[in-house]
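The values are calculated or read from the model by the stated rules, or taken from the named source; none is laboratory data. Since this is a predicted model, take the numbers as computed values, not measurements. Cβ coordinates were reconstructed from backbone atoms using ideal geometry, including for glycine residues, and neighbour counts include every protein chain displayed.
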Amino acid sequence: MTTVERVPQELSARVPAEQRGPGRDRDCVRLLVSRGVEVSHHTFAELPGQLRAGDLLVVNTSPTLAAAVDGRIGPARVVVHFSARGDDGRWAVELRDPDGRGTTRPRAGGPAGTEVSLAGDGRLVLEEPLRAGGARLWWARVPGPDVPGLLRRHGRPIRYSYTERDQPLSVYQTVFALPSADGAGSAEMPSAARPFTARLVTELVSRGVRFAPIRLHTGVSSAEAHEPPSAEWYEVPEASARLINAARAGDGRTVAVGTTAVRAVESAAGPDGVVHAHRGWTDLVVTPRRGVRIVDGLLTGLHEPEASHLLMLEAVAGRAAVERAYAAAVGGLYLWHEFGDAHLILPEENTHPGRCFSN
């Protein structure tokens, strides 16, 4: 999807920014800014200077769960990644094999009826694949109602092989994360917001930038899979819908913080481009063909060349802009993944981005 065919291994961010330098939002987090095919290089602390009064940042308040739990199938060790809780009480899960380095490698799920013993005397039973013909994510029945409690007691954050070591759950929480009353949350961190700090938010507010909170609980993505996202639960509150519609009616730009925020607001938008308060499940995949109705810009991380998220970036910015930005990111030695650098996509100056209103 880009001219970058492979991300060099040395460009994977192996530890959080605050363990590389002075803080999440300081000079150790870089910010690549795209305006059309023009790119410029900054630090994340310079974000306020790239925005203007009246701009609206849409932020995801979903907290990250300690979604990885050790288990066994008979004598064999496995790691269970809890992805999402369904309306019927079942959980979508992914089974992984420990790799001996503290991380995991893919394994096929199933068959139906497989029982997994979990840490703390819990257990689950696989029932059916999440997608027809799929082998990775399965719906599982977990006896007992307190899976969030199980995760709090025995879980740890999902970690992939490009990271250096386990990190505490606090490292995976963004400044916008709020606990859910039912214990629900994201299997993987909504990481685009990770470099924000309370200090930076205060500076943005003082400059007239506004915030519209939404909530989307991210499922397991598994970096090896490169699959389109599964259905995810989201909520756009009435107050946030009003803020987004007001920004569209005025001169402000609506900038989504993360692909999760794009998915939520675009799911809540009607064919007329008006955002309505809504909660429920979305299976929307934003592609260049579908286009965007609401979002003018996007603040995100850097994604693998084959990741489906890049189609969303193309929908917002166009393919030429994404290719130019990713070539600049590799050439500039930007860092990838959830602990890496950031990419801000804005419309070209003195233009109003076209929006697609097709279904």
_Yes or no: the stretch 199-222 includes at least one residue that is outside the structural domain of Ser83 (by TED's automatic domain parsing), closer than 19 Å to Pro98 by Cβ and outside any helix (DSSP H, G or I)._
yes
*So which residues in the stretch 89-103 are in a strand (DSSP E or B) and either of a type in the set (Gly, Ala, Ser) or in contact (Cβ under 8 Å) with a residue 40 or more places away in the chain (or both), if there are any at all?*
Trp91, Ala92, Val93, Glu94, Leu95
*Among the residues of the stretch 60-88 satisfying the criterion of being in contact with a helix residue (DSSP H, G or I) (Cβ under 6 Å, 6 or more places away or on another chain) and part of a strand (DSSP E or B), which is nearest to Trp139 (Cα to Cα)?*
Val69
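Suppose we keep only residues that are charged (D, E, K, R) and modelled with pLDDT of 95 or more within the stretch 247-266. Which one would you say is farthest from Pro229 (Cα to Cα)?
To start, the set of residues in the stretch 247-266 that are charged (D, E, K, R) comprises 248, 251, 253, 263, 266.
Cutting the leftovers down to modelled with pLDDT of 95 or more gives us 253, 263, 266.
Numbers: Arg253: 26, Arg263: 10, Glu266: 15 Å.
So, considering only residues that are charged (D, E, K, R) and modelled with pLDDT of 95 or more, the one farthest from Pro229 (Cα to Cα) is Arg253.
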*Of all residues in the stretch 150-171, count the ones that are part of a helix (DSSP H, G or I) and farther than 15 Å from Pro16 by Cβ.*
5
*Collect the residues in the stretch 172-181 that are at pLDDT 95 or above and in contact with a Lys or Arg (Cβ under 9 Å, 6 or more places away or on another chain), keeping them in residue-number order.*
Tyr172, Gln173, Thr174, Val175, Leu178
_Conditions (1) modelled with pLDDT of 95 or more; (2) buried (at least 18 other Cβ atoms within 10 Å of the Cβ): number failed by Arg72_ = (2)
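Residue under question is Arg207, and the condition is that it be within 26 Å of Trp336 (Cβ to Cβ), of a type in the set (Lys, Arg) and surrounded by fewer than 21 Cβ atoms within 10 Å (Cβ to Cβ); does it hold? Give the derivation first.
On the way: within 26 Å of Trp336 (Cβ to Cβ): no; of a type in the set (Lys, Arg): yes; surrounded by fewer than 21 Cβ atoms within 10 Å (Cβ to Cβ): yes.
No: the conditions fail for Arg207.
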*Subset of the stretch 293-348 (residues that are surrounded by fewer than 21 Cβ atoms within 10 Å (Cβ to Cβ), within 21 Å of Val29 (Cβ to Cβ) and either among the polar types (S, T, N, Q) or free of Cβ contacts under 8 Å to residues at least 12 places away in the same chain (or both))*: Gly331
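Run down Ala67, Ala84 and say which single residue is buried (at least 18 other Cβ atoms within 10 Å of the Cβ), in contact with a Leu (Cβ under 7 Å, 6 or more places away or on another chain) and among the small types (Gly, Ala, Ser). Working first, answer last.
Values: Ala84 fails: in contact with a Leu (Cβ under 7 Å, 6 or more places away or on another chain).
Being buried (at least 18 other Cβ atoms within 10 Å of the Cβ), in contact with a Leu (Cβ under 7 Å, 6 or more places away or on another chain) and among the small types (Gly, Ala, Ser) holds for just one of Ala67, Ala84, which is Ala67.
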*Taking into account only those residues within the stretch 107-149 that are within 23 Å of the chain's Cα centre (by Cα) and part of a helix (DSSP H, G or I), which is surrounded by the most Cβ atoms within 10 Å (Cβ to Cβ)?*
Val147
*Selection count where residues are outside any loop (DSSP other than H, G, I, E, B) and either among the basic types (Lys, Arg) or crowded, with 18+ Cβ neighbours inside 10 Å (or both), scope the stretch 181-198*: 4
*Answer yes or no as to whether Thr254 is within 15 Å of the chain's Cα centre (by Cα), assigned by TED's automatic domain parsing to the domain that holds Ala315, at negative phi and not aliphatic (A, V, I, L, M).*
no
*Does any residue of the stretch 21-42 turn out to be surrounded by 14 or more Cβ atoms within 10 Å (Cβ to Cβ), touching a Phe, Trp or Tyr at 6+ places or on another chain (Cβ under 8 Å), hydrophobic (A, V, I, L, M, F, W, C) and not assigned by TED's automatic domain parsing to the domain that holds Val316?*
no
*If you check every pair at least six apart or on different chains, which have Cβ atoms under 7 Å apart with a residue in the stretch 109-123 that is over 12 Å from Leu95 (Cβ atoms) and charged (D, E, K, R) first and a residue that is at pLDDT below 95 and assigned to a loop (DSSP other than H, G, I, E, B) second?*
Arg123/Pro143
